[in-house]
Amino acid sequence: MVQMAFQKIDLQGNAIGAPMLVDYAPEELSFSKAAQYADVAIPGLEQPLIQFVRGEAETLSLELFFDSTQDGTGAAATAITDRVEAFHKLVAIKGSLHMPPLVRVSWGQNFPGTSMGETESPMQHFTAVVLSVGRRFTLFSPDGKPLRALVSLSLKHYATVAEQVAAINYQSADHTRVHVVAEGETLPLIAHDAYADARKWRVIADHNNMADVRSLTPGDVLELPPLVTPR
């Protein structure tokens, strides 16, 4: 059986320690995603217009089962305290990060993962911040060792600006778009791709208040404004 894995990572996606493996698969996974809209009141209309504001991160809720009774329930029983505490520490601040670590959840090739934008195929993992961890111990040995426990987790999907922009893939030319600078790109090249005119690089530079138009760094995020057609 493929074990579900929880890998702690930093903001750059680098692994922190070894993955935490779960022996017993959760009975269910609960995903939830929403979009935020605002009512725009227009005088004289029967109801307000509905304006899209922003998307919201997908959340994943699940419950994990821990059991060490295979080693007996008497004096020689093995406590599950350390394994449970490892998950509890997912909400503890890590000094080098100044925040709790991110966690990447994976479970075989068909794990539903998550998707953004119009992506049809979900990713085979779920990268998230941990919102909450609940612990419920349900069985103890005669001398008080915890032998069984249920750990409930609530996770919220985490994605960088570059990942979100790439997933959304804005197409409309009459709206301000966002572009993530790739290796080797220049403003004229970006302008050619966006407006079919490399000479429009100045539009991008002015809109983004760029003092040095040659200092593009891979990963920089630029706004590509719509072109204003003179009347």
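Readers should treat all values here as calculations from the given coordinates under stated rules, not as data from a laboratory. Being a predicted model, the structure only gives us computed values, none of them experimental. Counting neighbours? That spans all protein chains shown, and the Cβs are built from the backbone with ideal geometry, glycine included.
Simple rule: put +1 on each Lys or Arg Cβ and -1 on each Asp or Glu Cβ in the chain, find the dipole, and look at Ile9, Ala194, Gly44; the Cα lying farthest toward the positive end is Ile9.
Taking GluC sites (Glu not before Pro) as exposed when DSSP calls them loop and at most 12 other C-beta atoms lie within 10 angstrom, the chain has its longest site-free stretch at 47-117. For region 170-224, the dipole from Cβ point charges (+1 on Lys and Arg, -1 on Asp and Glu) about the Cα centre works out to 140 debye, to the nearest 20. Note that region 92-170 shows a convex hull volume over its alpha carbon atoms of 135 Å³ per residue. Quick check: from the Cα gyration tensor, does region 142-213 come out rounded (a/c under 1.5), prolate or oblate? Prolate. The computed log10 I(q)/I(0) by the Debye sum over Cα atoms at q = 0.08, 0.11, 0.13 Å⁻¹ for the structure shown corresponds, within [x] -0.48, -0.77, -0.94; [y] -0.33, -0.62, -0.84; [z] -0.32, -0.54, -0.71, to [x].
Taking a straight line from the alpha carbon of Lys156, these lysines sit under 23 Å away, with near neighbours fewer than eight places off in the same chain left out: Lys8, Lys33, Lys89, Lys94.
Placing +1 on the Cβ of every Lys and Arg and -1 on the Cβ of every Asp and Glu, with no other charges, gives the chain a dipole of roughly 420 debye about its Cα centre.
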